[in-house]
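Below is one structure; the comments refer to it alone.
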Amino acid sequence: MSPALRRFAACLSCVLLLHVESARAAHDRVEVHAYVNDACIVADEPFFLPAPAGEDAAQANAKFLPLLGLVFGKLAELFIGHEIQSAADRIKAKNARKDTSYAVVKSMNLYRADLDPTPTLGINAKVGCMTIVAATLAPAGTDCRARYIPKELDRTTLAKPQNEWRTTRSDDSVENQLRRANICVDGTVRAVYETRFEFSKDGTNYRLNDAGYRVQSLLTTQDPKSTRSVMVTLKISQAGIADQQEALTTAWVKLGSLSAGAHSAGGGGEVSPWLRVPAMTPDARRDYETKTKLYQDEAAEIEALKRALVRNQRQLASLDQRIAGAAPDIAPGLREQRTRIAVQNETQAAELDARTAEYADLPQTSFEFMPVTIEVGVTESESEKKTQLALADIIGKESDVVASAVGNSTSDLLSKAVAVQDLSIDSGDDEAASLEHARARYFDALIAFRTGADDGTREDLERRLSTAKTEYNETRRALGLEPIE
C-alpha cells in the first residue's frame, strides 16, 4: 500500500471512529421527561365520533366530539400539572445510576390549600397518571396541537364491544398521540411509559400501577435483540440542599423483561405495594395554619352557626309537640321558651349571613405549601435479579435500610411497605384532626356565648367558652402555633 493510500486509510479510520464515538455519546444523552396529569395521555386517549356524511363543515366540527361517556366516563380538562425536567438541574453524577435514565429534578409544592368554598388542603395537582417520554423535544414554545390527528372512530365498529373499536385516522403513532397534550417530539420517540396512581379510600396511601408502554428502542443499548428488565421509580424528597435532601417516599412499578419494539396496553408486571402519602412536615403544617388562620376561623364560625341553627330547629320542633299536649298551666312557660329560641335562631341566622358574606369577600387565591423535589427514573437491568438489587439500592439510599444488608432478601425490604389491612391515618393527620376538633369546640362555645344559648346561664356559657379556649390554645401550642387571644 502506498504512503498516500495508508494516510487516507488512517484518516478514514479516524473519521469512522469519531462517528461511532459521536453516535455513542448521542445515544447516552437520553432526554427523559415526566408529566403528571389527571389522566394518561396515551392510554386514555379518547375515540372521536365523526359527523354523518353530507353535513357542512360547521356542523361536522360541532359533532366531531370525543366519546368520553362511552369509553372513559367524564374526562376532565387535560392538565399538565408539572413537567419534571430541566436541563439546568441535572442530577449529580455521583447520585445517578448508570443503568437509569432520569427525568431531572424540579421543585414544586406538594400541598395546596383551596379556599373556596372553605379551606381545603390536598395534594397539589390532579394526580392520576404519570407519562414518561424518552425523546428529544422540539424547542420551547413550540405548539403542535393543531397537528394532532384525533382518534376518529370507524363507524362500522360502533356496534361492537369497545375493545373491538377501530380508528380510521392515518397517523396512529405515539408522536401524534402526544401532540394532544402539546408534547412536541423532534424526530421519533425512544420510549413512552405510563403509570397510574391508585389511592386508598382514606387518601393516606398510594401505589403505582402499569398503564402501558411503547418501546421503540431501549435506553441503555442500541442492540435491537437485547432485552432488559425495566423498572420505573418515583422519588419525592423534602426540598433542601441537594446532598442533604430527605426522601419522603419512593414508589416503583416493575414492567418485566422488555426489548426494542415492546408494546403493552397496561395491566402487566408485578402489583406494587401500598406506600404512605407523604404527610405535611411540621414546618409546612405551621405555615399552613398561619397563612389560612383567618379563613379557618371564619369557616369554623360559619360551621358553628350552622350547627346552632340545626339544634334550634330540633328544639323548636320538640317544643311545638310539647305545647300541643301541654296542660294550661304549663303551656305559657313553654311558649315563652319557644319565643326565646326563635329569637335566638333569627339572631344566629343573621350572623350566619354576615359571616358568609365576609368569607366571600376574602381573597380566594390558593396557597401552596411544603416544597419538595421529584425525581423519576427508568432503570434497565440485565436481569430480574439485578433489578431487585437496584430497587434495594434505590430504597436503601432513602431509608434506614442498608442496601447491602438486603442483598438477596429484597422481599424483606418490600414487606416494610404498608399492607392493605394497615391503611390508616398517620400521626400528622391525627394532629390536624385534633386541631380541627378543638377549633370546632371553641367556636361552638363562642357562638353560644355571643348569642345567649338557651341551655345555660351567662356564667355557664362563659365558663364553657373559657374551657374550650384553653383546650384550643393547648392544642395549638402542641403544634408550635401561636395561641389565640
- [ ] Specify which residue in the list P332, A350, A390 is farthest towards the positive end of the charge dipole of the range 323-401, using unit charges on the beta carbon of Lys, Arg (+1) and Asp, Glu (-1), about the Cα centre.
- [x] P332
TODO: Quick one: which residues, 5+ away or cross-chain, put their amide H under 5 Å from the amide H of E152? H built at 1.01 Å from N.
DONE: F48, T168, R169
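Rounding to the nearest 20 debye, state how big the charge dipole of the range 425-485 is about its Cα centre with +1 on each Lys and Arg Cβ and -1 on each Asp and Glu Cβ.
Working: 9 positive and 15 negative charges, 57 e Å.
Dipole of the range 425-485, to the nearest 20 debye: 280 debye.
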- [ ] For the range 425-485, just list the percent of Cα-Cα distances falling in each 5 Å bin from zero outward, please.
- [x] 4, 20, 24, 19, 14, 9, 6, 2, 0
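Would you please report the Å³ per residue occupied by the convex hull of the alpha carbon atoms in the range 313-381? Intermediate results must be reported in sequence, preceding the final value.
Values: hull volume 13.3 nm³, N = 69.
Roughly 193 Å³ of hull volume per residue.
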- [ ] Could you please rank S381, S434, placing first whichever residue has the fewest other Cβ atoms within 10 Å of its Cβ?
- [x] S434, S381
- [ ] For E45, list long-range residues whose amide hydrogen, built 1.01 Å from N in the peptide plane, is under 5 Å from its own amide hydrogen.
- [x] none
Open item on the list: Give me a comma-separated list of calculated 3J(HN,Hα) values for the range 462-472, in order, Karplus coefficients 6.51, -1.76, 1.60 applied at θ = phi - 60°, integers in Hz, x for any Gly or Pro.
Closed with: 5, 5, 4, 5, 5, 5, 5, 5, 4, 5, 5
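No value in this document is a laboratory result; all are computed from the given coordinates. Note that the structure is predicted; figures quoted are calculated from it, not measured. For neighbour counting, all protein chains shown are included, and Cβ atoms are generated from backbone atoms with ideal geometry for every residue, glycine included.
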